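Input: a single structure, listed below in structure tokens.
The values are calculated or read from the model by the stated rules, or taken from the named source; none is laboratory data. Remember, predicted model here, so these are calculated numbers, not experimental data. Methodologically, a virtual Cβ is constructed for each residue, glycine included, from the backbone with ideal geometry; neighbour enumeration extends over all protein chains shown.
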Amino acid sequence: MATRAEWQLTDGGAVQVIALPDAPRGTTVVLGVDDADARAAEPAGRGVDARLSTTPDGAFRLAACTDPSGNTVMLGQVL
């Protein structure tokens, strides 16, 4: 089960951290973006694995960007 913490930084921005015990490094940082597909394209071109998905309820577009060491940063777009 994931444990989640979120800090509301501005009216339109927040930082969310999710603890995933089975992940290689144990945590994932989620950054809110305006266009997950476009923002994931740049790191994907630099050898970072960018897996795109949409949540089952259709509320978010996500890009899980994982570097060769297994560190993951999640980009999240509200749909």
Matching residues in segment 39-54 - criterion: being within 14 Å of residue 78 (Cα to Cα) and surrounded by fewer than 15 Cβ atoms within 10 Å (Cβ to Cβ): 53, 54
Yes/no for residue 78 being over 25 Å from residue 21 (Cβ atoms) and either under 13 Å from the mean Cα position of the chain (by Cα) or among the hydroxyl-bearing types (Ser, Thr, Tyr) (or both): yes
Condition broken by residue 75, with the remaining ones in (1) modelled with pLDDT under 80; (2) touching a helix residue (DSSP H, G or I) at 6+ places or on another chain (Cβ under 6 Å); (3) of a type in the set (A, V, I, L, M) satisfied: (1)
